[in-house]
Structures are given as structure tokens and as C-alpha cells.
Amino acid sequence: MKTSRPASVRAPFVSTRDPLSRRRFLRGIGVAMSLPFLESMLPGFARAAAPSSSPLAPGATPRRMFGICNNLGLLPDQFFPTGAGRDYQASPYLNLLRDHREDFTVLSGVSHPNVDGGHPADISFLTAAPHPGSSSFKNTISLDQHIAEHIGPMTRFPSLTLAVNTASRSLSWTGSGVAIPPEESAAAVFRQLFLQGSPEQIEAQIRKLDTGRSILDVIAGQSRDLQRSVGARDRDRLDQYFTSVRDLENRLQASRGWERRPKPVVAVEAPVDPSSPAFYMAKVKNMYDLAKLAFETDSTRSITLMLNSVGTPVVAVRGANITEDYHNLSHHGKSEDKLKQLKILDEWQMKLLAGLFSDLKSVREEEESLLDRTMVLYGSNLGDANAHSTTNMPTLLAGGGFKHGQHLVHDKQQNYPLPNLFVSMLQRMGIEDDKFASSTGTMRGLEMS
């Protein structure tokens with residue numbers, strides 16, 4: 001979403017006798033990537049014709065996905081309920097969501113197979129790519145971008161990639177395994193979503209898009225000569241690089257088609273970005289509000305939000321005495337004082353999530369609510385931040401047209417693959433895939449309503 005050059009098209013190191021060729025590539029990409037929001041658009045636009053009953057069919061009421069990762073997780077004994085099925089006993093944290101009990105499913109005993117490494121695992125939260133902490137790690141496509149490949153052209157923004165206090169960590173990854181930089185400014189996102197440029201600005205933007213496409217045409221022609229002059233390893237790197245270039249070309253084409261269409265008008269004021277990372281909870285609330293507006297106006301149907309608690313300093317909470325930064329509190333070592341402070345932060349996370357559910361339920365869409373049409377996935381890459389454990393991930397799925405009000409219990413020692421949930425979510429979107437990452441099927445016990 002940022003307007004600066006994204007990491008998703010960073011040029012690989014190439015050994016070549018002509019360094020000017022490499023600079024020419026970089027210069028061309030630099031011009032193309034100065035365009036707003038392009039890094040949040042899908043990396044491909046092919047879509048098979050959908051049956052009339054599918055959410056992908058023209059004119060069908062849309063379905064949506066909102067993926068949220070709090071990369072320090074939640075205190076396990078405060079989050080996970082006891083009992084199974086519909087008769088589970090809510091935990092202290094889930095009790096804060098009691099008004100929405102019938103709108104979500106809690107999962108326990110789930111994780112991504114072979115996703116280890118502690119904190120680095122947050123970048124695999126929506127990809128399930130194994131061993132993210134290893135030196136040879138290469139990420140794979142994220143759930144939101146896989147969705148965007150199928151439904152992206154149907155909205156102005158095929159996907160939105162958002163974050164709070166991110167330090168450049170992203171949940172969204174392209175098919176070639178490169179990160180889509182997230183946007184942290186709620187005010188900037190609001191402008192992109194809802195503020196219409198003047199006719200002159202619109203035409204200038206179209207000229208920029210056309211210029212970017214022309215540059216990519218030149219780069220594509222030069223690439224053939226360059227690939228013949230380098231070794232096998234560099235050819236592989238170049239192939240990944242030019243895959244990103246081709247992806248960008250598709251994004252430019254789609255973006256051009258939306259430039260002259262009016263943006264939706266919303267009767268709300270633009271958000272004000274908090275002045276400090278310490279106002280973490282206010283930032284989260286801003287992003288939740290924006291996600292609701294983006295879905296309500298059908299500006300996009302796929303959003304991710306990285307809540308980078310690791311990169312958050314001492315959090316300012318009204319009426320509470322928080323004395324240490326979020327990360328240090330997560331490594332509580334059973335300290336009563338740290339646990340008390342961490343519970344306050346976790347409880348705020350749950351209260352904000354409850355507010356999001358209420359806001360989505362308040363919007364009617366035909367005979368359903370916006371929450372009924374939106375899958376909200378909330379969870380973490382860490383099952384226990386104190387131990388850097390990546391098993392038993394706290395996971396909650398709300399809305400989206402599933403039969404909820406239940407606790408799906410799986411083996412805490414031999415975890416059930418969380419990618420199975422992703423397959424169920426894809427199918428609920430109308431995307432008839434039966435495999436995603438390390439999945440073994442659909443999510444057992446989760447049924448469509």
C-alpha cells in the first residue's frame with residue numbers, strides 16, 4: 001500500500017559485465033513503483049468463469065476475508081476455553097466476546113507444520129511456508145493474495161495490506177515469494193480509498209501508469225539479452241525478478257481501468273494518525289474502522305493487518321500503569337506484575353475485536369450482515385510468546401457464513417494443520433481449491449451455514 005518502492009520488486013543481485021543494464025532495470029522499476037497502492041494489488045488477473053451460484057459470479061453478493069495477526073499472541077490460559085463443541089466454557093478473554101459467541105469458532109491444537117523459529121514465524125502466518133527463520137527461507141503466496149488472484153479485478157483495490165507499528169513486517173506475500181509492504185497510516189489509506197482527485201490529477205495518474213507500462217516493455221525486451229549472458233544461478237534470480245515485473249504490469253493494467261471511475265463517498269471524517277507508537281490501541285481501532293469502510297463500500301474484498309506487538313514500545317492505556325514494552329511483557333517468566341500488565345493489553349485486544357464484530361454486524365447487506373459475508377481470521381504465529389512456541393496457535397474465525405458458536409479441539413501434542421482452515425476459507429469465497437500450502441483437506445468440524 002505504500003507509495004514508496006516496495007520490497008516485492010527489489011532487484012536481485014546479478015553478476016554481469018554491464019552494470020548499466022542493472023541500473024537501467026532498477027531505474028525503470030523505480031518509476032513504475034512510485035504509484036499508490038500497487039503493491040497491495042494482486043499478482044495476476046486470470047479468473048475462470050464462475051457458476052451463477054458462486055460468490056465470484058457477476059452481480060453476486062460478495063464474500064470477503066480479513067486476516068489479522070497479533071505477533072505476540074495471547075496468554076494461552078486466558079484465551080483457550082475448556083470443553084469442546086457448542087457447550088464449551090468461555091475463557092476470561094473469550095468472555096469479552098460473549099455478545100458474539102454464535103458468530104465465531106475457536107480452534108485449539110492447531111499450527112502450521114514445520115513453521116518454527118519463534119518471532120520470524122509471523123511472516124508465515126498466512127502462507128504456512130516452513131522454517132521462516134532459516135537462512136535459505138523463501139516465502140510463498142499468502143492466503144489474501146491467493147484470493148486476490150481470483151477476485152481482484154472485481155474491486156478497485158484487489159487487496160489491502162495494513163499494519164500497526166510494523167517495522168516493515170508483512171502478512172501479504174506474492175506468488176514469487178516477495179513481501180508486499182504494508183501501510184501504517186490510516187489517514188493515507190483513507191485518502192486512497194475515498195478522496196477523488198481532480199480531473200487533471202486523474203489524467204496525470206493515467207499518464208504515469210502508461211509510462212510505467214512502457215518502461216516495463218523495454219525491461220522485458222532487455223531481459224532476454226541479459227538472461228543469455230549470466231550463469232544458471234543468476235538466471236533463476238532474474239526469473240523471479242521478472243516474474244515480479246510481469247505481475248506489476250498486470251497491476252498497472254488493472255489500475256488504469258479504475259482511474260476514471262468515481263470513488264465511493266462516505267459520511268465519516270478521515271482518521272487522524274496517532275503521534276506515537278505508544279498509542280497502539282488507537283491505531284488498531286483506526287485500522288478496524290477502515291477495514292469496515294473498505295468492505296462496506298466494496299472497495300476491496302481481501303485485507304490483512306499485521307499487529308506488530310514485537311515492535312511496540314510501552315503501550316499507553318488509559319487508567320492502567322503499563323511500565324514495560326509489549327515484547328518484554330510477553331517474556332513474563334511468570335512474573336505476577338508482568339502478567340497483570342500483559343492481561344490488560346490482551347483484554348484490550350479482545351475488546352477491540354468485539355467492537356469490530358459489532359460494527360460489521362451493524363451493516364446490513366441484503367438479508368445478512370456484513371459480518372455474515374466477511375470471514376475475520378484472528379490469531380498469532382506464537383502459541384506461547386514466553387517460550388517462543390509456534391504450536392497451539394490461538395486462532396479464532398468469525399463470520400463469513402459458517403456455522404459457529406463452537407470450540408474445535410485438536411491434539412495439543414500432534415497439532416492439526418491450520419492450512420486446512422485456509423482451504424475451507426477459499427472454498428467459502430467460491431474458489432474451489434482443495435489444497436493450500438501444507439493442508440491435508442478442509443477444516444474438520446467447520447461447516448458452511
Any lysines whose Cα falls less than 18 Å from that of Lys403, other than same-chain ones fewer than 8 residues away, would be Lys361
With labels modelled as points extended 7 Å from the Cα through the Cβ direction, what inter-label distance (nm, one decimal) is found for Ser134 paired with Ser185? 3.9 nm
Relative exposure of Glu447, Glu183, judged by other C-beta atoms within 10 Å (fewest first): Glu447, Glu183
Between segment 94-153 and segment 331-355, what is the C-alpha centre distance in whole Å? 22 Å
Added length on full extension, which subtracts the Cα-Cα distance from 0.36 nm per residue, Arg364 to His331: 7.7 nm
So what is log10(I(q)/I(0)) for segment 364-445 at q = 0.12, 0.15, 0.19, 0.26 1/Å, when the Debye sum runs over its Cα atoms only? -0.41, -0.62, -0.93, -1.37
Taking only the alpha-carbon atoms of segment 299-377, the convex hull volume per residue, in cubic angstrom, is 124 Å³
Compute the projected area of the convex hull of the Cα atoms of segment 76-185, averaged over all viewing directions, and report it in nm² to one decimal place. 9.5 nm²
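A short reminder: the numbers here are calculations on the coordinates, not readings from a lab. Keep in mind the model is a prediction, meaning the values are calculated, not measured. All Cβ positions, even for glycine, are placed from backbone atoms using ideal geometry, and neighbour counts span all protein chains on display.
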